[in-house]
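First the structure, in the form of structure tokens, and then the observations on it.
The values are calculated or read from the model by the stated rules, or taken from the named source; none is laboratory data. All values derive from a computational prediction rather than experimental measurement. Note that each Cβ is placed from the backbone with ideal geometry, even for glycine, and that neighbours are counted across all protein chains shown.
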Amino acid sequence: MGIRMFFVLNELSLDDQYLSEDDFKRDLKYIMKARQGYPSFASSLYCSRLLPERVAARGQTFREIVQKDRSLTRLVLEWINKKGPFFQSGENEVEFYWSIDSDIEVTYSGAGEACRIMDSGRESSCISFPNGGFDYSPVKVFRDYNPSDSLSVANHWKLENIDELARKTLPKPFNWQELQSYCMQSFANLEIIGSSFDGAKSHPYSDLLAVKITRLLHILDDYVDSLDSDGSHSDRSDQIIDNYFTGDRCLFSDESEQNKKRFERRLTFRDTKNTGKEVFCPWHGKISHGIFRIHFEWPLGEKRKLGVYYIGPKLTKH
């Protein structure tokens, strides 16, 4: 099974560690070869505007070394111009991330971008050059100067193995059917019912909606994963509930009693895996863009897959 992963090159891992230009170019060519061979990997690999000026070997920068090699110049600079600076994730807020391991600010670095991607509900990891201080995984960072609010970013530094990683990368979804297939493959703790995307398919496909849908599904998947084997809450489960299920601006909530009565039929879904069974799902995730909702069974009560029954425009419009 493949993965839909966003990769960000960690430019901080270039720290003048290479003894020769050839050693650096060897490792860079591993990345370029994988990018050429696998279009899905190429479209998922990003870098920072800071990358070209990082010192790589014997006092020479990334840009200086690449410009000496005609076989690399066009490939690398085209990639940097196209993929850097970072794409916009659809989230306006900028948060500060600091590396727990090295106490380096990474807000505007590749590691910081990987964190922002993860915050939007998508999978992301870093690719680092070896022997630059990042020969370990995960890279742990924390947000907003709060050591208790940390993220763990998977990190790949054995570049000779990057080809295998690239081969497993899934293509970006371009329509609702592809997004549904991606979600059903990606969230092992969710039972995404086959008809769940029918409502969405009546609406024009949107990359921004896709990002927000996967973010909410990621949170639900993470919640189920956090439960103890008997279905009871762990500390992580309680933290997820506090972060996303409580408060005036929570991402998940129950319908009002009035809406439960008025829209009972709309909020009741047929379980296609259990013929004839109907499930009442007033709990929902909220997406303001497009006024979308994700309806799912709640509470779970035990450790099993969480059923997701509807993804689409709001059902309780008066």
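Might you check whether a residue that is aromatic (F, W, Y) and closer than 19 Å to P313 by Cα occurs anywhere in the stretch 215-223? Checked the stretch 215-223: no residue is aromatic (F, W, Y) and closer than 19 Å to P313 by Cα. State whether one or more residues within the stretch 272-287 are charged (D, E, K, R), surrounded by fewer than 14 Cβ atoms within 10 Å (Cβ to Cβ) and part of a strand (DSSP E or B). Yes - at least one qualifying residue is present in the stretch 272-287. Residue under question is L220, and the condition is that it be outside the structural domain of E123 (by TED's automatic domain parsing) and touching an Asp or Glu at 6+ places or on another chain (Cβ under 9 Å); does it hold? Judged against the criteria, L220 is not a match. Look through the stretch 243-254, keep the residues that are among the polar types (S, T, N, Q) and either part of a loop (DSSP other than H, G, I, E, B) or surrounded by fewer than 15 Cβ atoms within 10 Å (Cβ to Cβ) (or both), and return whichever of them is modelled with the highest pLDDT. Ranking the candidates gives T246 first. I'd like the residue in the stretch 120-144 that is charged (D, E, K, R) and in contact (Cβ under 8 Å) with a residue 60 or more places away in the chain and, out of all such residues, is nearest to L159 (Cα to Cα). If we take residues in the stretch 120-144 being charged (D, E, K, R) and in contact (Cβ under 8 Å) with a residue 60 or more places away in the chain, then E123 is nearest to L159 (Cα to Cα).
Answer yes or no: is there a residue in the stretch 225-243 that is touching an Asp or Glu at 6+ places or on another chain (Cβ under 6 Å), touching a residue at least 60 places away in the same chain (Cβ under 8 Å) and of a type outside the set (K, R). Yes, the stretch 225-243 contains a residue that is touching an Asp or Glu at 6+ places or on another chain (Cβ under 6 Å), touching a residue at least 60 places away in the same chain (Cβ under 8 Å) and of a type outside the set (K, R). Assigned to a loop (DSSP other than H, G, I, E, B) and free of Cβ contacts under 8 Å to residues at least 12 places away in the same chain: is that true of P204 in this structure? Answer is yes for this residue. Against the conditions (1) touching a residue at least 24 places away in the same chain (Cβ under 8 Å); (2) in a strand (DSSP E or B); (3) closer than 24 Å to D221 by Cβ, D149 satisfies every one except (1).
The residues on offer are N161, N131, and the sole one that is over 19 Å from the mean Cα position of the chain (by Cα), surrounded by fewer than 16 Cβ atoms within 10 Å (Cβ to Cβ), outside any helix (DSSP H, G or I) and not hydroxyl-bearing (S, T, Y) is N131. Is one or more of the residues making up the stretch 252-275 on the phi < 0 side of the Ramachandran plot and within 22 Å of the chain's Cα centre (by Cα)? Within the stretch 252-275, one or more residues are on the phi < 0 side of the Ramachandran plot and within 22 Å of the chain's Cα centre (by Cα). Can you name every residue in the stretch 157-179 that is touching a residue at least 60 places away in the same chain (Cβ under 8 Å) and either in contact with a Lys or Arg (Cβ under 8 Å, 6 or more places away or on another chain) or not basic (K, R) (or both)? Result: W157, L159, E160, I162, D163, L165, A166, T169, L170, P171, K172, P173. The set of residues in the stretch 167-201 being among the charged types (D, E, K, R) and either under 16 Å from the mean Cα position of the chain (by Cα) or in a helix (DSSP H, G or I) (or both) consists of R167, K168, K172, E178, K201.
Criterion first (more than 20 Å from the chain's Cα centre (by Cα), of a type in the set (A, V, I, L, M) and either surrounded by 14 or more Cβ atoms within 10 Å (Cβ to Cβ) or more than 20 Å from M184 (Cα to Cα) (or both)) does I291 satisfy it? The answer is yes for I291. In the stretch 291-318, the residues that are assigned by TED's automatic domain parsing to the domain that holds A188 and over 19 Å from C250 (Cα atoms) reach residues that are β-branched (V, I, T) and crowded, with 16+ Cβ neighbours inside 10 Å with C-beta atoms within less than 6 angstrom, at least six apart or across chains, in these pairs: L306/V224; Y309/I193. Listed by position, the helices (runs of 4 or more DSSP H) contained in the stretch 1-83 that have at least 2 residues being within 18 Å of R122 (Cβ to Cβ) are 39-42.
Residues in the stretch 216-242 that are closer than 21 Å to P282 by Cβ and under 19 Å from the mean Cα position of the chain (by Cα) were compared, and the one that is surrounded by the fewest Cβ atoms within 10 Å (Cβ to Cβ) is I219. Scanning the stretch 13-55 for residues that are closer than 22 Å to D163 by Cα and aliphatic (A, V, I, L, M) returns L14, L28, I31, M32, A34, A42, L45, L51.
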